[in-house]
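**Student:** Next up is a structure, given as C-alpha cells.
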Amino acid sequence: MTEKFAVFVDIDNTLADDDGVNPKNAEIIEKARKAGHYIFANTGRAKSWINSELIGHISLDGIISGMGSRIEMMGKPIFEKHIDPEFVYSCAKHFWNTKNCFFISGVEKGFILNPIPYFQNWHFADIASPDDLKGKYKDEKIQKLEMFGKISEEDKKFFGQALDVYDHGGYIECAPRGCSKSTAMDIALNHLGIKKENSIAIGDSVNDMDMLKNAGIAVAMGNAIDKVKEIADFISTDCKSGGVGYAIEELLLKKI
C-alpha cells in the first residue's frame with residue numbers, strides 16, 4: 001500500500017486502559033509512521049488530562065483533545081476553540097453547590113467539584129470559589145465541561161445554551177458548539193491533504209461513533225459497545241490485547 005493513510009484513535013479503553021498502552025500498540029504505531037502513515041490520538045479528554053502516565057512515551061503525529069476543540073500536530077496547535085470564559089464562570093456559579101461530580105477541563109489545568117471516589121487521587125488545580133476563574137485562573141483556556149451523577153433535563157438545557165451536549169446516561173460531556181471528533185478529523189485530513197477514504201477511525205464508545213461514521217474505514221475495538229460494533233467495517237481485538245496495533249497491522253501494514 002503506497003498511499004498515505006491517517007489513523008484516528010480514541011484513548012480510553014482503545015489505545016490505553018488503566019495499565020497504560022499495550023507495548024504492541026506502540027510498536028505497530030511506530031512501524032506505521034515509518035511507513036509514511038499519520039497516527040492521531042482523538043480523545044474526549046481535555047489536553048490537561050493527557051499525560052505520560054496515560055499514554056506513555058508513544059510516538060504520535062498529533063493529538064486531538066476536548067471533543068475536537070484542539071488539534072495539535074507535532075506539539076503545535078493548528079486549531080483550537082475554547083468555551084467562552086463568561087459562560088464557564090456562569091456554569092461554575094450555577095453548579096457550585098451541586099451534589100454531582102462536575103469537571104471544568106482546560107488546556108493546562110483541570111478543576112473538579114465533588115469528586116467521586118475514582119477521581120480522588122487525580123491531580124486538580126485548587127479552586128476556592130467560582131471567582132478564581134476570573135482571578136488567578138483567568139488565562140486558562142477551557143475546552144470542556146463534564147458532569148457525573150443524576151443529571152436533570154434542566155441541567156442539560158443550562159449547558160446547552162452555549163455548548164454541544166453529549167449525553168451518556170449518568171454522564172454528560174459538553175464541548176464548544178460545532179466541535180466533535182469528526183469535525184477535527186476533517187480539519188486534520190484537510191491540513192495533511194489526505195482523502196477521506198484514506199482515513200481510519202478506531203474507538204469503543206458512544207462518543208466515538210461520529211468519527212467512525214466519518215472515516216473511510218471504521219474500526220470497533222473488541223471491547224466496544226454493541227452500537228459501535230454495528231457500524232464498524234472491521235472489529236479488532238480488545239484494548240488489553242493491543243487491539244489498536246492489531247487493526248493497524250491488518251489494515252495497513254500487511255498490505256504494503
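Read-outs: derived from the displayed coordinates by stated rules, not from any lab. What you are looking at is a predicted structure, and each value in this text was computed from that prediction instead of being measured. Because the Cβ atoms are built from the backbone with ideal geometry, glycine has one as well, and the counts that use them run over all protein chains shown.
**Student:** Do you know the relative contact order of the chain, to the nearest whole percent, from alpha carbon pairs under 8 angstrom that are 6+ apart? Mind showing how you got there, number by number?
**Tutor:** Working: 515 pairs, mean separation 58.3, N = 256.
Rounded, it is 23 percent for the chain.
**Student:** With a ≥ b ≥ c the root eigenvalues of the C-alpha gyration tensor of the stretch 85-176, is it rounded (a/c under 1.5), prolate (a/b larger than b/c) or oblate?
**Tutor:** Details: a/c = 1.59, a/b = 1.19, b/c = 1.33.
Oblate.
**Student:** Quick one: check the C-alpha center-to-center distance for the stretch 23-63 versus the stretch 136-174, whole angstrom.
**Tutor:** Centre-to-centre distance over Cα atoms comes out at 27 Å.
**Student:** May I ask you to evaluate 6.51 cos²θ - 1.76 cosθ + 1.60, the Karplus curve with θ = phi - 60°, for each residue of the stretch 56-73 and list the ³J(HN,Hα) values in order in whole Hz, giving x for glycine and proline?
**Tutor:** Once rounded to whole Hz, the list reads x, 10, 5, 8, 10, 7, x, 10, 9, 10, x, 6, x, 7, 8, 10, 10, 10.
**Student:** On to the next question. Grab the stretch 85-176 and count how many Lys pairs have their alpha-carbon atoms under 21 Å apart, sequence gap of 8 or more, or different chains.
**Tutor:** Lysine pairs meeting the criterion: 22.
**Student:** Then there is this: On a full-extension model of 0.36 nm per residue, what is the gain between E250 and S59, subtracting their alpha-carbon distance, rounded to one decimal in nm?
**Tutor:** Details: separation 191, 0.36 × 191 = 68.76 nm, distance 1.96 nm.
Result for the pair: 66.8 nm of gain on full extension.
**Student:** Using only Cα atoms and rounding to the nearest 10 degrees, what angle (0 to 90) does helix 85-95 make with the longest principal axis of the chain?
**Tutor:** Approximately 70 degrees, to the nearest 10.
**Student:** Please order T2, T98, T183, T14 by the number of other Cβ within 10 Å, starting at the fewest.
**Tutor:** T2, T98, T183, T14
**Student:** From Cα pairs below 8 angstrom and at least 6 apart in sequence, can you work out the relative contact order of the stretch 85-176, rounded to a whole percent? Can you show the working numbers first?
**Tutor:** Values: 126 pairs, mean separation 26.3, N = 92.
With pairs under 8 Å counted, the relative contact order is 29 percent.
**Student:** Roughly what would the spin-label model give for I116 and E3, points 7 Å off Cα along C-beta, in nm?
**Tutor:** Simple spin-label model gives 4.2 nm for this pair.
**Student:** What is the order of K24, K136, fewest Cβ neighbours within 10 Å to most? Please list the in-between numbers first.
**Tutor:** Numbers: K24 16, K136 13.
Least crowded to most crowded, the residues run K136, K24.
**Student:** Compute the acute angle (0 to 90°) between the alpha-carbon long axis of helix 23-34 and the principal axis of greatest extent of the alpha-carbon atoms of the chain; round to the nearest 10°.
**Tutor:** Roughly 70 degrees between the two axes.
**Student:** Give me S205, S152, S199 sorted ascending by neighbouring Cβ count inside 10 Å, so fewest comes first.
**Tutor:** S152, S205, S199
**Student:** Moving on to the next point. In nm, to one decimal, how far is the modelled label at S129 from the one at S90, with both set 7 Å along Cα→Cβ?
**Tutor:** 2.1
**Student:** What number, in percent, do you get for the relative contact order of the stretch 101-251 if the mean sequence gap of Cα pairs under 8 Å and at least 6 apart is divided by its residue count? Write down the numbers at each step before the final one.
**Tutor:** Working: 224 pairs, mean separation 19.6, N = 151.
In percent, rounded to a whole number, it is 13.
**Student:** Pairing the Cα long axis of helix 181-192 with the longest principal axis of the chain, what angle in degrees results, from 0 to 90 and rounded to the nearest 10?
**Tutor:** The angle comes out at about 50 degrees.
**Student:** Counting helices only, and only those DSSP H runs with n ≥ 4, report the 222 nm mean residue ellipticity of the chain as the sum of -39,500 (n - 2.57) divided by its residues, in deg cm²/dmol to the nearest 500.
**Tutor:** Calculated from helices alone, the mean residue ellipticity at 222 nm is -7000 deg cm²/dmol.
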